[in-house]
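See below for the structure under consideration.
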Amino acid sequence: MSLFDSHCHLNFSDFDIDRVQVLNRSARKGVSNICIPATKHTEWLSLINESEVLSNESPVSIVTALGIHPWFISEHNLKHLDLLGKLLEKRPVRVVAIGETGLDFFDRNMTPQTKDKQLALFTGQVELACLHQMPLIIHSRKSHDDILKVLRRFKPESAGIIHAFSGSEQQAEEYLKLGFKLGFGGGITYPRASKTRHLAATLPIGSIVLETDAPDMPLNGYQGQRNEPGRVEHVAECLAELRGISLMEVAEATSHNCRTLFNI
Ligand SMILES: [Zn+2]
C-alpha cells in the first residue's frame, strides 16, 4: 500500500527530537510520500535541503511546497514574492507546488489593511503559480468566495489543493470546475463533521487527496496529542468506510491524484 500525505509540517520543531523515527513509523503504516508546505520565507531554503536529506535518510520520499501562509503575512512584503520567483526559476527538484498560501478571514477584528495584504500576497502567489506552471496548496478559512474570485480571474492551469476542505457542496463543485483537488484529513474522523463526511463520501474520488496537517489537526481519539503523518492511514480507513470501498482503493486513487497534480 502506498499512501501520500499531501500536507504535513514535518519541518516544525515539534518533530526535532524524532523526525526520522516518525518517518520510519509512517512508512510501516504504508506512507510512501509526504509533501511539506512552507509557511514563511525563512523555511524555504532549509526545506529544499531538508526534503532531500530526509528522503535519503528514510524510506519516505519527501517533496515540498514554497509559499507564504496567511497567518505570517506580517513577516512578509511584496519583495518576498520576487525572492520566491527567483527560487522557483531554479526549479529545485523536490519543490512541486506553491504554498501554503491562501486567505484566513476567521478573525472578525481583522483590519481592512490586513485583509488587503493577505489578498495581495495570495494573488501574487497565484500569479507565480501561473508563470511557473505549478500547483497551489491553499489554506482557506471564512474565505472560499474570495479565493474562488481570484482563482476564476487567473485560472491557474496546474490548479492545486484546497487544504482541509470543509466548505459547502456548491463551493466544492466550484473548485472542481477549476481543476482543484480537495484535501481531507483528521476532520472527517469526527462524526459531528457530517457535512464534510458526506462530501468526502460522494465527491468523485479523482478529486480527493489525503492529508494530516501534522503536527496539528489531531484525529478523533487522539485529541491533545501531536499528530503524525502515519495517521493518514486512519484518514484513509475512514474515507474507505464512508465510501464503502477498500483501503487499498482509497490509497491507490488518492496517491495517484497527488502524483498527477505534483507531476512526480
Ligand atoms: Zn498547513
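Considering only Leu103, Pro215, Cys8, and ranking their Cα positions along the charge dipole of the chain that arises from unit charges at the beta-carbon of Lys, Arg, Asp and Glu, the one farthest toward the positive end is Leu103. Accessible area per residue for the chain is 44 Å², calculated with a 1.4 Å probe on protein heavy atoms, without ligands, DNA or RNA. For the chain, what % of the accessible area comes from carbon and sulfur atoms, probe 1.4 Å? The value for the chain is 51 percent carbon and sulfur by accessible area.
With kT/(6 pi eta Rh) evaluated at 37 °C and eta = 0.692 mPa s, and Rh the Kirkwood radius from Cα pairs, the chain diffuses with a coefficient of 180 µm²/s according to Stokes-Einstein. Within straight-line reach of Lys195, meaning a Cα separation under 13 Å, sit the following aspartates and glutamates at least 8 residues removed in sequence or on another chain: Glu169. Normalised by the number of residues in the chain, the average gap of Cα pairs under 8 Å and 6 or more apart makes the relative contact order 21 percent. The charge dipole of the chain, taken about the Cα centre with unit charges on the Cβ atoms of Lys, Arg (+1) and Asp, Glu (-1), comes to about 440 debye, rounded to the nearest 20. Strictly over 28 Å apart at the Cα level, which of Lys29/Lys177; Lys115/Lys181; Lys90/Lys142; Lys86/Lys177; Lys90/Lys149; Lys90/Lys115 would you flag in this model? The pairs that break the limit, which is 28 Å between Cα atoms, are Lys29/Lys177; Lys90/Lys142; Lys86/Lys177; Lys90/Lys149; Lys90/Lys115.
For a paramagnetic label modelled at 7 Å from the Cα of Lys40 toward its Cβ, which residues of the range 206-235 fall within the zone defined by backbone nitrogen distances under 17 Å? Zone members listed by number: 215.
The values are calculated or read from the model by the stated rules, or taken from the named source; none is laboratory data. The model shown is predicted, which means the values in this text are computed figures rather than measured ones. Virtual Cβ from ideal backbone geometry, glycine too; neighbours counted across all protein chains shown. The area values use the complete protein model at the heavy-atom level, side chains included, leaving out ligands, DNA and RNA. Shrake-Rupley method; radii C 1.70, N 1.55, O 1.52, S 1.80 Å.
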